[in-house]
Amino acid sequence: MKQATSNVFDQAVPITPVEQAAVNRRRLQSLDALRGFVMVIMLLDHIRENWYLYMNVPDPVNPVTVEPVMFFIRIVTNLCAPVFVALTGLGAYLYGQNHTRAETAAYLVKRGLLLMAIDVTLLTFAWTVKLPMTFWLQVIWAIGACMIALAALIYLPKKLLLALGLLIVAGHNLLDGIRLLPGEPGFVAWALLHQRDMIALPFGAFARTSYPVLPWIGVIVLGYLLGGWYERDQSSAADSGRRVRRLLALGFGMLAAFVVLRALNVYGDKPWVAGDSALHTIMGFIALTKYPPSLLFLLQTLGVGAILLALFERWEGHPWLNALAVFGGAPMFFYILHIYVLRALYHVAFMIWGPTHGVSFGLDNVNWLWLWYAVLLPVLYVPTAWYSRLKARRRDITWLKYF
């Protein structure tokens, strides 16, 4: 029988197989809770995008022209994409614990293609309802593409995979100066990989590469390798304590690297300048490029993500963490649901009141954002909880695992 501790600071005590299984479940709950946290704060950002479209939030966020409340909402919700992509890689590693490498690769390809199809059909239709269509290749597309890339990369030795992931994340900003124009050789491939742009399609349609995928491939690779800290033989309470310490060291180390590199102002993102007040100086310091994500953007967001993952593992069992894990247990269902609910509400408001800010409908008072958030979060929780329970209960329904 294995020995473990009920608390990382307690003396070793025996643990039964049933208790060991409970430890395993709680460990995985921390991953679902972090996914759920990402979903919850993402809702806040998408409410902003629907009701306050007239308040332009550029990339990186301009600390001079953007209201502080909108600025900090955007900064906080910047956690969503990097953390979710990293967790997707980690989840692929855990999937591989119970499947062969070929089975894992096949799963990644099938799920990746499904996500890409969902983004250019269901989600594009939600955001764009006019012809000719603009297909928004956004975060779901990027995650799908990264999963397909990971399906090939998992055959590499882990050391080589680590070197590749670090090279992509740390070095891709060296490619920022490469700009191709439509019609030039390689433009389409480069727009998909590293240059946010519009790709002309037949019949007057366009594809907007909102999330160029090269840096995200680096993120999913590093997330995949992080799965090594969650091996089946590292599931005791003592292992959990060691993992928490590693995650905290990783997270704070990434944040320290961010502060140093940002202060040097020589690499990793667009330069920052001091503002006319302490607040604007801080805003300028933390305003980073997301499309594609710069090295500093990833150090900041993934550093916070690692710390949150450690804290969630330490706080397992708290009721509020259980609620977050519900959202994280059915992230794709929640993502599609909340987008359609928000877009339906927007179009109803537009039909009733018409355009209130230029060609779009918008709310004047930012406080409405918090009210809508407080209303929609519990409303969306109910169907998400139902689907999450269905997904956990009906493992015999194969297609459920893809959502």
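Rounded to two decimal places and with Rh computed the Kirkwood way over Cα pairs, what is Rg over Rh for the stretch 241-280? Walk me through the numbers on the way to the answer.
Details: Rg = 14.4 Å, Rh = 12.1 Å.
Looking at the stretch 241-280, the ratio lands at 1.19.
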Inset, instruction - Write out the trypsin sites (Lys or Arg not before Pro) in the stretch 338-403 meeting two conditions: DSSP loop, and at most 11 other Cβ atoms within 10 Å of their Cβ. - result: Arg394, Arg395
Legend entry - Cα-centre dipole for the chain with unit charges at Cβ (Lys and Arg positive, Asp and Glu negative), debye to 20: 980 debye
Inset, instruction - DSSP loop (so not H, G, I, E, B), at most 13 other Cβ within 10 Å: list which chymotrypsin sites (Phe, Trp or Tyr not before Pro) in the stretch 311-358 pass both filters. - result: Trp315
Inset, instruction - Determine ³J(HN,Hα), in whole Hz, for all residues of the stretch 104-114 in sequence, where each value follows from phi through the Karplus function 6.51 cos²θ - 1.76 cosθ + 1.60 and θ = phi - 60°; x replaces Gly and Pro. - result: 5, 4, 4, 4, 4, 5, 5, 5, x, 5, 5
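What do you get for trypsin sites (Lys or Arg not before Pro) in the stretch 216-287 restricted to DSSP loop and a cutoff of at most 16 other Cβ within 10 Å of the site's Cβ? Show your work: numbers first, answer last.
On the way: sites: Arg232, Arg242, Arg243, Arg245, Arg246, Arg262; in loops: Arg232.
Counting only loop positions with at most 16 other Cβ atoms within 10 Å, the trypsin sites (Lys or Arg not before Pro) in the stretch 216-287 are Arg232.
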Inset, instruction - From largest accessible area down, sort Asp239, Asp176, Asp119; use a 1.4 Å probe on the protein chains. - result: Asp176, Asp239, Asp119
Legend entry - Relative contact order of the stretch 29-402, defined on C-alpha pairs under 8 angstrom at six or more residues apart (%): 28 percent
Legend entry - Considering only the chain, percent of DSSP beta bridges that pair antiparallel, nearest 5: 65 percent
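Going down the table (Lys110/Lys391; Lys110/Lys290; Lys110/Lys270; Lys130/Lys270; Lys130/Lys391), which pairs top 30 Å between alpha carbons? Walk me through the intermediate numbers first.
Details: Lys110/Lys391 18 Å; Lys110/Lys290 27 Å; Lys110/Lys270 37 Å; Lys130/Lys270 35 Å; Lys130/Lys391 35 Å.
Too far apart for the 30 Å limit: Lys110/Lys270; Lys130/Lys270; Lys130/Lys391.
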Legend entry - Rounded tilt (10° steps) of 139-153 against the dominant C-alpha axis of the chain: 50 degrees
Inset, instruction - Could you work out the equivalent-ellipsoid semi-axes for the stretch 217-326, taking the square root of 5 times each eigenvalue of the Cα gyration tensor, largest first, in whole Å? - result: 31, 16, 13
Inset, instruction - Mind giving me the FRET efficiency for Val266 and Asn98? R0 is 51 Å, r the Cβ-Cβ distance, nearest 0.05 is fine. - result: 0.65
Legend entry - Cα-based helix-to-principal-axis angle, 331-353 vs the chain, degrees rounded to 10: 30 degrees
Legend entry - Selection from Ser30, Val266, Tyr107, by position along the positive dipole direction of the chain (Cβ): Tyr107
Legend entry - Percent accessible area from carbon and sulfur atoms, the chain, protein chains only, probe 1.4 Å: 69 percent
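Give me the percent of Cα-Cα pairs in the stretch 67-150 that sit more than 14 Å apart, rounded to a whole number. Write down the numbers at each step before the final one.
Values: 2407 of 3486 pairs.
Summing the P(r) tail past 14 Å for the stretch 67-150 gives 69 percent.
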Legend entry - Lys/Arg +1, Asp/Glu -1 at C-beta; the chain dipole; positive extreme among Ser277, Tyr230, Ile143: Tyr230
Inset, instruction - At a 1.4 Å probe radius, which order do Trp216, Trp229 fall into by accessible area, largest first? - result: Trp229, Trp216
Inset, instruction - Take Gln234, project a point 7 Å from its Cα along the Cβ direction, then tell me which residues of the stretch 150-173 have their backbone nitrogen under 15 Å from it. - result: 158-159, 162
Legend entry - Choice from Gly204, Gly275, Gly251 showing the highest fluctuation, given a GNM over the chain with Cα pairs closer than 10 Å: Gly204
Legend entry - Rough spin-label spacing in nm, given labels placed 7 Å along Cα→Cβ, for Val109 and Tyr54: 5.0 nm
Inset, instruction - Taking every Cα atom in the stretch 29-402, find the radius of gyration and the maximum pairwise distance Dmax, and write them in Å. - result: 20.6, 60
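How much accessible area per residue does the stretch 29-402 have, in Å², with a 1.4 Å probe? Show your work: numbers first, answer last.
Details: 16790 Å² over 374 residues.
Counting only protein heavy atoms, the per-residue value for the stretch 29-402 is 45 Å².
Calculated from DSSP H runs of 4 or more alone, at -39500 (n - 2.57) each and per residue, what is the 222 nm mean residue ellipticity of the chain, nearest 500? Can you show the working numbers first?
On the way: 15 runs with 252 residues, N = 403.
Rounded to the nearest 500, it is -21000 deg cm²/dmol.
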Inset, instruction - Any chance you could give the angle, 0 to 90 degrees and rounded to 10, that helix 158-171 forms with the longest Cα principal axis of the chain? - result: 30 degrees
Legend entry - Rough spin-label spacing in nm, given labels placed 7 Å along Cα→Cβ, for Asp276 and Trp353: 3.1 nm
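The values are calculated or read from the model by the stated rules, or taken from the named source; none is laboratory data. For clarity, every value in this text was computed on a predicted model and none was experimentally measured. Neighbour counts are summed over all protein chains in view; Cβ atoms, including those assigned to glycine, are modelled from backbone coordinates with ideal geometry. Accessible surface areas use protein heavy atoms only, side chains included; no ligands, DNA or RNA. Shrake-Rupley method; radii C 1.70, N 1.55, O 1.52, S 1.80 Å.
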